[in-house]
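Report on the structure given below.
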Amino acid sequence: MVADGARSATAALAAAGIDATGLVIENGSGLSRIERIRADSLGQLLLAAWRRPWMPEFLAALPLAGVDGTARGRLAASPARGHAHIKTGTLDGVRTMAGYLLDRHGRRHAVVMMVAHPEAASAAAAQDALLEWLWANGAP
């Protein structure tokens, strides 16, 4: 059953033009040492989701940095507070963040950062710095 779901997910990604090379789905929960997705593939997925009719609901389901959910403590004292809808993930030796950021010029960006390292827990500051930099200096 899981294998059929993984094949369906891979086929859906391919149909959307997303490179699923290296994608590994064990159980779909994301809480697995086996599951894998490349950062660029996740970025492509975010861009494809943005073009879908259900995008507003998807965006609303992502916590707003500095405001609510699991991202409430992120960017709390930053001018970028409230400008990033992000999903974070943490496992031992892994820290991830992905979502969308509206920069100070009103441009929307997809953003992905994945850190796999024994000191990954300290990567939250780097993720916040990336979001703040992108908010202040976002390129077209």
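The values are calculated or read from the model by the stated rules, or taken from the named source; none is laboratory data. Remember, it's a predicted structure, so these values are computed and weren't measured experimentally. Cβ placement follows ideal geometry from the backbone for every residue including glycine, while neighbour counts extend to all protein chains displayed. What goes into the accessible areas is simple: the full protein's heavy atoms, side chains included, and nothing from ligands, DNA or RNA. Shrake-Rupley method; radii C 1.70, N 1.55, O 1.52, S 1.80 Å.
In segment 104-120, the residues that are in contact (Cβ under 8 Å) with a residue 60 or more places away in the chain form no Cβ pair under 7 Å with any partner that is basic (K, R) and surrounded by 11 or more Cβ atoms within 10 Å (Cβ to Cβ), whether six or more places apart or across chains. Being in contact (Cβ under 8 Å) with a residue 40 or more places away in the chain, closer than 28 Å to W135 by Cβ and in contact with a Gly (Cβ under 9 Å, 6 or more places away or on another chain) holds for only one residue in L46, L64, and it is L46. Listed conditions (1) touching a residue at least 24 places away in the same chain (Cβ under 8 Å); (2) open to solvent by 40 Å² or more (accessible area, probe 1.4 Å) are all met by P56, apart from (1).
Taking into account only those residues within segment 17-47 that are small (G, A, S) and in contact with a Leu (Cβ under 8 Å, 6 or more places away or on another chain), which is modelled with the highest pLDDT? Across segment 17-47, the extreme among qualifying residues is S41. Within segment 59-108, being open to solvent by less than 30 Å² (accessible area, probe 1.4 Å) and hydrophobic (A, V, I, L, M, F, W, C) holds for L59, L62, A65, A71, L75, A80, A84, I86, M97, A98, L101. One residue stands out in segment 1-41 among those that are closer than 21 Å to V112 by Cβ and among the acidic types (D, E): the one that is least open to solvent (accessible area, probe 1.4 Å), namely E35.
Scanning segment 79-89 for residues that are at pLDDT 95 or above and out of contact with any strand residue (DSSP E or B) (no Cβ under 8 Å at 6 or more places or on another chain) yields a count of 1.
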